[in-house]
Each structure stands twice: as structure tokens, then as C-alpha cells.
1. Is it the case that the range 16-39 has a residue that's modelled with pLDDT of 90 or more, farther than 19 Å from residue 87 by Cβ, in a helix (DSSP H, G or I) and under 12 Å from the mean Cα position of the chain (by Cα)?
2. So which helices (runs of 4 or more DSSP H) stay within the range 51-103 end to end and still have 1 or more residues that are touching a residue at least 60 places away in the same chain (Cβ under 8 Å), surrounded by 13 or more Cβ atoms within 10 Å (Cβ to Cβ) and out of contact with any helix residue (DSSP H, G or I) (no Cβ under 6 Å at 6 or more places or on another chain)?
3. Just the residues that are closer than 15 Å to residue 69 by Cα and buried (at least 18 other Cβ atoms within 10 Å of the Cβ), please, taken from the range 12-44.
């Protein structure tokens, strides 16, 4: 869970830079989008290694959606919807990590 917490913090920091910066058609925007995809891939990789029993105990996480996003990012390089990845980083990742890791910080909106 330490890895998930670390990736969640990376997502929080990236989201704190703002949607406009993330979607900017600049080198910095491109770098942010690449990092955002990297965060999702890392979270999905950790999730794939979790025991099935653990996943069954947390059915609200949306394991199939996480796997689907991972596959999209990993295999459809030019077809990734940057706004979809942003929404995952902004909403789904914090909510998922709140459910799994806990903590006092509410999800970012």
C-alpha cells in the first residue's frame, strides 16, 4: 500500500498544477500528460498484483475500469483521451486511494 500512497501523492501534486497546465499544447503539458499516464500505469500494475481476496473485499474500487484504462494507455498510444486520464487523476485515483489506503485528505475536485 506504500506504493499506492506514493502514486496517489504524485497524482495529487500533478492535479494541483491545474487542468489547463495538464492539457496545454506545450512541452510542459506534454510532459505532464506523460507523467499522468505513468501514474495510472503504476497504480494499475500494483493493483494487478493485489490478491483476489483483497479485491473482492473492495468491490467499489472499480478494478475492471482501472485495468481497462491501463490497457488503453499501454497499447493505444495515440488514442488516449487526455481529458479522461485527467478525470481519473482528479477524481477516481483519490477516491480509490481513500478507500484502500485511508487518510484524512478528501478527494480533490
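The values are calculated or read from the model by the stated rules, or taken from the named source; none is laboratory data. The shown structure was predicted, so the numbers you read here are calculated from the model rather than taken from an experiment. Because the Cβ atoms are built from the backbone with ideal geometry, glycine has one as well, and the counts that use them run over all protein chains shown.
1. no
2. Per the criteria, 93-100.
3. Of everything in the range 12-44, those that are closer than 15 Å to residue 69 by Cα and buried (at least 18 other Cβ atoms within 10 Å of the Cβ) turn out to be 33, 36, 37, 39, 40, 43, 44.
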